[in-house]
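See below for the structure under consideration.
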Amino acid sequence: MSVPFLDLKAAYDELAAQAEPEMLRALRSGWYILGPEVERFETAFAQYCGTSHAIGVANGLDALRIALMAVGVGAGDKVLVPSNTYIATWLAVSQCGATPVPVEPDARTHNITAEGIRAAMAPGVKAVIPVHLYGQPANMPAIMAVAREFDLKVIEDAAQAHGARWGDTRIGGHGDVACWSFYPGKNLGALGDGGGLTTNDPEIADRMRILRNYGSREKYKNEVPGLNSRLDPVQAAFLSVKLQVLDSWNARRAEVAASYQEAFADLDLILPEVATEAAPVWHLYVVRHPHRDTLAAILAEAGVQTLVHYPIPPHAQQAYASLGMTDHDLPLARQLADEVLSLPIGPHLSAAQIEQVISATRSALKTL
């Protein structure tokens, strides 16, 4: 038996009977840019996140870029970003004309901390982007406190954290803006690209709605140089259905994570750590081992598909060679890139597949 890393077809099959009529309604409506389907999803998603506003956009990268533009980040500014994250976090900063300034994360949670932000403060820093990596929420109350001390705008990269909480508050309403990806593999994933923004600030919300639509609120009247970045109505119709099962699917992920945590507790494997106040949604289950590549190869032979998130840290990408950063500058980012391994944790894993992952991992580690 093979264990796929994520079974998107099984996810679709479970929702098809409910989702297909909704998408067909959108197709037959004759309204294919923004409109009622997008508004319906935006209202539902804002309510789910506990925020006043939600704005649908074309993808997660655009969400980050629009958020930064809306809070006034531009040429000459600096933005604090995690050293260990998907490159989109950095790209959004660069595309605004600003410079990403990496902050090393907490080695236990892989998220940046208030202490790390304080230590990285420098002239010209205008904003910080905490990433809720792997669906593990960062400590937003502490981050907000230090951000307000230094008058920083806070843009949450919540692309992997749909439904996560810190304390009693869902991720999405802590910072000035939270940015979402609805890429198919996300916990709340569409059938193609999609993204969103949430905020409690009406002025920022208004600017983001304008920015996503060519800088215009009235056709042919352009107030600012905006983008063409709008959530597709058919995707919005699907997301409205999937939102209804998000919590139950996140609960399934948590059950898989709990099984792994118990089964691997006695192994020579660094397991995820969860803060007391955090309620993660387990977008990824990421372990660490110094012989990661060998472990992944053994698991592949046993039929268990794994992935690496992420094998090359942003500072080591050719795209950022001009910044002149080396692994010596960001040793933890390099170490994580060399050691992390993501095990299957989709909501459609069967009991037999979970047991196969556990058995194969335990067996593999005996040989390393």
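The values are calculated or read from the model by the stated rules, or taken from the named source; none is laboratory data. Keep in mind that this is a model prediction, so the values were computed, not measured. Cβ: placed from backbone, ideal geometry, glycine included. Neighbour counts: every protein chain shown. Only protein heavy atoms, including side chains, enter the accessible area calculation; ligands, DNA and RNA are left aside. Shrake-Rupley method; radii C 1.70, N 1.55, O 1.52, S 1.80 Å.
Tally Lys/Arg at +1 and Asp/Glu at -1 over every other residue whose Cβ is under 15 Å from the Cβ of T367; what's the total?
Here the charged neighbours net out to 0.
Semi-axes of the equivalent ellipsoid for region 189-271, please: Cα gyration tensor eigenvalues, times 5, square-rooted, ordered largest first, whole Å.
Ellipsoid semi-axes (Å, largest first): 41, 16, 12.
I'm checking a number: the convex hull volume of the Cα atoms of region 174-221, normalised per residue, in Å³. What is it?
Roughly 84 Å³ of hull volume per residue.
Can you compute log10 of I(q)/I(0) for region 65-162 with the Debye formula, treating each Cα as one identical point scatterer, at q = 0.13, 0.15, 0.21, 0.23 Å⁻¹?
Debye curve over Cα of region 65-162, log10 I(q)/I(0) at q = 0.13, 0.15, 0.21, 0.23 Å⁻¹: -0.37, -0.50, -1.02, -1.24.
In the Gaussian network model of the chain, springs joining C-alpha atoms below 10 Å, which of L133, L27, L336 carries the largest mean-square fluctuation?
Highest fluctuation among the options: L27.
Taking a label point 7 Å from the Cα of M1 along the Cα→Cβ vector, which residues of region 350-367 have an amide N closer than 17 Å to it?
Residues 350-363 fall inside that zone.
What is the Cα convex hull volume of region 118-160 when expressed per residue in Å³?
In region 118-160, the Cα convex hull volume per residue is 69 Å³.
Assuming 0.36 nm per residue, please report the length gained on full extension of the stretch Q18 to E273 beyond their Cα-Cα distance.
Length difference between fully extended and current span is 88.2 nm.
Please find the FRET efficiency linking Q261 to A321, where r is the Cβ-Cβ separation and R0 is fixed at 45 Å, and quote it to the nearest 0.05.
0.70
For region 296-336, take the alpha-carbon Rg, divide it by the Kirkwood Rh, and send me Rg/Rh.
With Rh from the inverse mean 1/r over Cα pairs, Rg/Rh is 1.18.
Which entries of K9/K219; K78/K186; K126/K186 show an alpha-carbon separation above 31 angstrom in the structure shown?
Beyond 31 Å: K9/K219.
Output the antiparallel fraction of DSSP beta bridges having both residues in the chain, as a percent to the nearest 5.
60
Straight-line reach from K221: which lysines fall under 29 Å, measuring Cα to Cα and dropping same-chain residues less than 8 apart?
K153
Looking at the chain, do any whole DSSP H helices span at least 24 angstrom along their long axis by alpha carbon and average 0.5 or above on Kyte-Doolittle, and which?
none
Mind telling me which of L68, L227, L24 comes out most flexible in a GNM of the chain, alpha-carbon contacts under 10 Å?
L24
Calculate the all-directions average of the projected area of the chain's alpha-carbon convex hull, and give it in nm².
18.4
Rounded to the nearest 500, what is the chain's calculated 222 nm mean residue ellipticity when only DSSP H runs of at least 4 contribute -39500 (n - 2.57) each, over all residues?
-12500 deg cm²/dmol
Dipole size in debye (nearest 20) for region 1-155 around its Cα centre, Lys and Arg Cβ +1, Asp and Glu Cβ -1?
360
Could you work out what % of the accessible surface of the chain is carbon and sulfur, using a 1.4 angstrom probe and leaving DNA, RNA and ligands out of the count?
52
In nm, to one decimal, how far is the T367 label point from the R25 one, both placed 7 Å along Cα→Cβ?
5.3
Between D168 and E203, how many nm apart are label points set 7 Å from Cα along the C-beta direction?
Taking the two extended label points, one gets 2.9 nm.
Please report, largest first and rounded to whole Å, the three semi-axes of the ellipsoid equivalent to region 212-317, where each semi-axis is the square root of five times an eigenvalue of the C-alpha gyration tensor.
40, 21, 15
Using per-residue counts of other Cβ atoms within 10 Å, averaged over each peptide, order 192-201, 121-130 from highest down.
Highest-to-lowest ranking by the protection proxy: 192-201, 121-130.
If you build a Gaussian network model of the chain, linking Cα atoms that sit under 10 Å apart, which residue out of E156, E273, E301 swings the most?
Looking only at E156, E273, E301, the biggest GNM fluctuation is shown by E301.
Just the number, please: Stokes-Einstein D of region 1-98 in µm²/s, Kirkwood Rh from C-alpha pairs, 25 °C, 0.890 mPa s.
Estimated via Stokes-Einstein, D reaches 145 µm²/s.
Assuming 0.36 nm per residue, please report the length gained on full extension of the stretch T294 to Q335 beyond their Cα-Cα distance.
Difference between extended and current length: 13.2 nm.
Just to confirm a number: summing +1 for Lys and Arg and -1 for Asp and Glu over residues other than M23 whose beta-carbon lies under 11 angstrom from that of M23, what do you get?
Summing Lys and Arg as +1 and Asp and Glu as -1 gives -2.
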